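Have a look at the structure below before the remarks.
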Amino acid sequence: MRATINQKLTEMGERERLKELLRAKLTECGWKDQMKAHCKEVIKEKGLEHVTVEDLVVEITPKGRALVPDSVKKELLQRIRMFLAQHAT
């Protein structure tokens, strides 16, 4: 079911619109700045020579997900539901 929804969102261009909305909302609420600061902390703690991009992603992902405001999650979910209701087959 998830794959079907994802395919429909992608085919109709809605996935890109949702990604742009998410980027804007995360920047607006300060999430992007918080994550940038967290990345700098992790690099400072471990040392630049000892951190790969993969390590950084693993380290910051849990905090990044936790910091997304519920209002942003709810808005995206509502938009997906509305899209699916309008394009139900």
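The values are calculated or read from the model by the stated rules, or taken from the named source; none is laboratory data. Just so it is clear, the model here is predicted, and its values are computed rather than measured. As a convention, Cβ positions derive from the backbone with ideal geometry for all residues, glycine included, and neighbour counts pool all protein chains shown. Quick note on the areas: whole protein, heavy atoms, side chains included, nothing else; ligands and nucleic acids left out. Shrake-Rupley method; radii C 1.70, N 1.55, O 1.52, S 1.80 Å.
Rolling a 1.4 Å probe over the protein heavy atoms gives the chain an accessible area of 79 Å² per residue. Debye-formula intensities of the chain, expressed as log10 I(q)/I(0) at q = 0.15, 0.18 Å⁻¹, are -0.71, -0.88 (one equal scatterer per alpha-carbon, no solvent).
Each 5 Å bin from zero holds the following percent of Cα-Cα pairs in region 18-65: 5, 20, 26, 21, 15, 9, 4, 0.
Count the net charge of all other residues whose Cβ sits under 15 Å from the Cβ of Q7, scoring Lys and Arg as +1 and Asp and Glu as -1. Neighbour charge sum, excluding Q7 itself: 0.
Distance cut-off 25 Å, Cα to Cα: go down the list K19/K63; K8/K73; K25/K63; K19/K44; K19/K46; K44/K74 and report the pairs above it.
Working: K19/K63 19 Å; K8/K73 20 Å; K25/K63 17 Å; K19/K44 30 Å; K19/K46 31 Å; K44/K74 34 Å.
Flagged as over cut-off: K19/K44; K19/K46; K44/K74.
For L48 and T4 in the same chain, what is the full-extension length gain: residue separation times 0.36 nm, less their Cα-Cα distance, in nm? Walk me through the numbers on the way to the answer.
Numbers: separation 44, 0.36 × 44 = 15.84 nm, distance 4.13 nm.
Length gained, L48 through T4: 11.7 nm.
Mind putting a number on the dipole of the chain about its Cα centre? Charges go on the C-beta only, +1 for Lys and Arg and -1 for Asp and Glu, and I need it in Debye to the nearest 20. Show your work: numbers first, answer last.
Numbers: 18 positive and 14 negative charges, 78 e Å.
That gives the chain a dipole magnitude of about 380 debye.
Leaving ligands, DNA and RNA out of it, report the carbon-plus-sulfur percent of the accessible area of the chain at a 1.4 Å probe.
Values: 4010 of 7070 Å².
Here carbon and sulfur together make up 57 percent of the probe-accessible area.
Annotation: R79 carries an accessible surface of approximately 100 Å², with a 1.4 Å probe and no ligand, DNA or RNA atoms counted.
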